[in-house]
């Protein structure tokens, strides 16, 4: 028997109805460090009305939930959860990346990744799972244990796991501190439980080098330094996202592209 969107929405509603919508709104307001007055002004409602919504004395309309979620910059996935908690159907669809609906998105991602060669570039979802990668990204996977590549590999697990890239990262303490702090910031914004569990897993990986959060003198970015036999490569990275996404999957996609940070790395990558 196929599971219809209506059945799925009903199941999700049962899951999240235990947390009142008012409590969820108050939690998001706390995450954004806004007072009731601040949020009320930005949403163009009275502070009294917002107080009634948060305490459960009033029930928000669908439009009110979406208005407050917009002002609180709540991620699309969490906006759906707010709607379900308030008794409404989700507003944002979540499509598989390989579905016909997202064919243009998948083609755009692949075009970006291919155009970045001979330098590595990967696309990841909200949990940092690899969804696409260009050929040059084999630089990151050639030295990792096969069990880390089974199923859908996780980019952060590949980086920091002792059977992954970690033994080959020359500045592991610095790179690890950068990734963990970046992940912690993402959790503060999204409140994602799955990503929170990933952060706890990564923190449990052994690391003989101390985590260095203070940059070295003269550095303008945190580099990824990789040892390959007698060569040390230095890379910097940029992150791109879809700025007008109205689908949960698309909103959670990001493309991380790596560039050579010195002439030795550029020559090595062009010659692979």
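Along Cα→Cβ, 7 Å out, is where each label goes; now give me the distance between the ones at residue 221 and residue 18 in nm to one decimal.
Here the modelled spin labels are 4.4 nm apart.
State the volume of the convex hull built on the alpha-carbon positions of segment 79-188, expressed per residue in Å³ and rounded to an integer.
Convex hull volume per residue, Cα atoms: 137 Å³.
Using only DSSP helix segments of four residues or longer, with each worth -39500 (n - 2.57), what per-residue ellipticity at 222 nm results for the chain after dividing by its residue count and rounding to 500?
-13500 deg cm²/dmol
Considering Cα pairs under 8 angstrom that are at least six residues apart, work out the relative contact order of segment 162-272 and quote it in whole percent.
23
Could you grab the relative contact order for the chain? Cα pairs under 8 Å, six or more apart, rounded to a whole percent.
About 17 percent, as a whole number.
Is the C-alpha gyration tensor of segment 162-272 telling us rounded, prolate or oblate? Criteria: a/c under 1.5 is rounded; beyond that, a/b larger than b/c is prolate, otherwise oblate.
It is oblate, given that a/c is not under 1.5 and a/b is not larger than b/c.
Could you tell me the calculated FRET efficiency between residue 57 and residue 148, based on Cβ-Cβ distance and R0 = 51 angstrom, to the nearest 0.05?
Given R0 = 51 Å and the Cβ-Cβ separation, E is 0.50.
Normalised by the number of residues in segment 35-184, what is the relative contact order in percent for Cα pairs under 8 Å and 6+ residues apart?
Value for segment 35-184: 10 percent.
When the convex hull of the Cα atoms of the chain is projected onto a plane and the area is averaged over all directions, what value comes out in nm²?
17.7
Hey, what does the equivalent ellipsoid look like for segment 109-169, semi-axes from the Cα gyration tensor as sqrt of 5 times each eigenvalue, largest first, whole Å?
Over the Cα atoms of segment 109-169, the semi-axes work out to 20, 13, 9 Å.
Values quoted throughout were computed directly from the atomic coordinates according to the rules given, and no laboratory measurement underlies them. Small disclaimer: the values here were computed from a predicted structure and weren't measured. For neighbour counting, all protein chains shown are included, and Cβ atoms are generated from backbone atoms with ideal geometry for every residue, glycine included.
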